[in-house]
Amino acid sequence: MRIAREGIIYILVPAAVTVLLLLLGLWLAAIPFAIVTAFMAFFFRDPKREPPDDPRLVVAPADGRVTRVKQVQEGNQQSATVVSIFLSPLDVHINRAPIAGEITNVAYTRGKFLMATNQNASLVNEQNALTIRGEQITVVCKQIAGILARRIICWKHAGERVSLGERFGLIKFSSRTDVLLPPQVEVLVHEGARVRGGVTIIGRIR
């Protein structure tokens, strides 16, 4: 299983303490550190995913549970749909591109650390928004920090291209990922659904 490079330090430190305690013969004391090591390796896992090959499809940008599917109005434009995905500490925290295209903007905003399930989190929490312009549509994908998250990581920059389902970043510990879908997209996911980043189809371009 591949591990995200940002998680290596979180694995090595408790692993080193575990080994040291075992060498000292402190078996019971080593158990909690061994558990932490195993959890960190599990948390920062980065499984390989095979996205669908239909360019009309939009896939989930993250693993987790869909907590909101709501139409929003932005200026004088037609209403778009926001799909919010809550990632628990047990979910894969790698973020993946919901469509293929060019990243036209990356905007990081410092903020608070409300619970990721709080509806106001998308307004006031630390977040990073990627605008991806595809051949048919443009989507905005937001990485939103939760109450435990203290750092959002994005590996891509404006001007780069991403393929469907390609990794573009991660959020450490509990978090949320929103994707803003234009009206040309037929939303195929509902609140309460479980999704897998880069694999689960959440919309289809009309």
Revision key, fill the gap. Selection from segment 125-150 of residues of a type in the set (Gly, Ala, Ser) and either in contact with a Gly (Cβ under 9 Å, 6 or more places away or on another chain) or modelled with pLDDT of 85 or more (or both) yields ALA129, GLY134, ALA145
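Can you tell me which residue among GLU6, GLU50 is under 30 Å from LEU130 (Cα atoms), modelled with pLDDT under 95, outside any helix (DSSP H, G or I) and charged (D, E, K, R)?
One residue alone meets the criteria, GLU50.
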Check your understanding: Does segment 185-201 hold any residues that are assigned to a strand (DSSP E or B) and either acidic (Asp, Glu) or without any contact (Cβ under 8 Å) to a residue 40 or more places away in the chain (or both), and which are they?
Key -> GLU186
Exercise for review: Output the qualifying pairs, or none if there are none: Cβ atoms under 8 angstrom, residues six or more apart or on different chains, first residue in segment 153-170 and over 13 Å from ALA100 (Cα atoms), second residue surrounded by fewer than 17 Cβ atoms within 10 Å (Cβ to Cβ) and among the hydrophobic types (A, V, I, L, M, F, W, C).
Suggested key: GLY169/TRP155
Review point. Could you list, in sequence order, the residues of segment 53-64 that are in a loop (DSSP other than H, G, I, E, B) and buried (at least 20 other Cβ atoms within 10 Å of the Cβ)?
Key: ALA60, PRO61, ALA62, ASP63
Study note, to complete from the structure: Considering residues that are free of Cβ contacts under 8 Å to residues at least 12 places away in the same chain and more than 23 Å from ALA62 (Cβ to Cβ), the number found within segment 1-37 is 16
Check your understanding: Yes or no: SER79 modelled with pLDDT under 95, among the hydroxyl-bearing types (Ser, Thr, Tyr) and within 17 Å of the chain's Cα centre (by Cα)?
Key -> no
**Study point:** Residues that are of a type outside the set (A, V, I, L, M, F, W, C) and at pLDDT 95 or above, drawn from segment 93-124
**Key:** ASN95, ARG96, PRO98, GLY101, GLU102, THR104, ASN105
Check your understanding: Does any residue of segment 32-46 turn out to be among the hydrophobic types (A, V, I, L, M, F, W, C), over 26 Å from the mean Cα position of the chain (by Cα) and assigned to a helix (DSSP H, G or I)?
Key -> yes
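The values are calculated or read from the model by the stated rules, or taken from the named source; none is laboratory data. Worth saying up front: this structure is predicted, and the values here are computed from it rather than measured. Cβ atoms come from the backbone with ideal geometry, glycine included; neighbour counts cover every protein chain shown.
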